[in-house]
Amino acid sequence: MALPPLLHLADEAAYRAHFVATLRGATNAIVTHDGIDVILHDHDFDHAFSAPLKKWSKQRVFNAGRASYMDWIRSVLEDRAMAQYRRVMPDGKTRKLLLEPSAPFIVVIQPELANPTKAAFITAYPVTSAKALAKIRSNPAW
């Protein structure tokens with residue numbers, strides 16, 4: 001599946017409106033290629049499309065570069081050709097990492113323990129370092 005073009009919108013408000021219209025809420029739910037329902041919420045915008053204000057800062061600000069990949073989220077989740085990895089977190093929860101290898105771009109979801117056909121969106125971002133890409137690929141296959 002071909003990825004959609006990157007978004008180039010006027011400002012944060014335009015990106016947020018696009019997110020609400022295309023990704024947020026039950027009416028825009030994404031069903032992964034293997035049948036997992038993923039619903040994005042308002043707080044997902046603030047996390048996925050922001051970056052630290054300064055290196056190692058906890059304060060985050062909107063990042064148009066990250067937001068430009070917004071339309072890739074659905075495409076990556078729906079495409080069975082994406083590389084898929086399993087990551088077990090320190091708390092024992094399992095996350096599914098879906099990697100578009102040519103960009104590279106990653107989408108992370110966390111299936112619910114009680115109902116693995118539903119998952120929480122965790123994040124999505126372009127992978128910008130070889131070290132980070134190697135760490136993703138070191139996880140076992142899904």
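FYI, it's all coordinate maths here, none of it is from the lab. Every value quoted in this text rests on a predicted model; they were computed, and no experiment measured them. A quick note on method: Cβ atoms are made from the backbone with ideal geometry, for glycine too, and the neighbour counts reach across all protein chains shown.
Pop the C-beta distance of ASN115 and HIS43 into the FRET formula with R0 = 25 Å and round what comes out to the nearest 0.05.
Values: r = 21 Å, r/R0 = 0.83.
After rounding, the FRET efficiency stands at 0.75.
Using 7 Å Cα-to-Cβ label points, what is the ALA64/ALA14 separation (nm, one decimal)?
0.8 nm
Among [x] 123; [y] 139; [z] 320, which one is volume of the Cα convex hull per residue in Å³ computed from these coordinates?
[x]
What ranking do MET89, MET70 get, fewest neighbouring Cβ atoms within 10 angstrom at the top? Please list the in-between numbers first.
Details: MET89 10, MET70 21.
Going from sparsest to densest Cβ surroundings: MET89, MET70.
Distance between Cα centroids, region 73-106 to region 1-60: provide it in whole Å.
15 Å
Give the total of Lys-Lys pairs in the chain with Cα-Cα distances below 27 Å; include a pair only if its members are 8 or more places apart or on different chains.
The number of close lysine pairs in the chain is 16.
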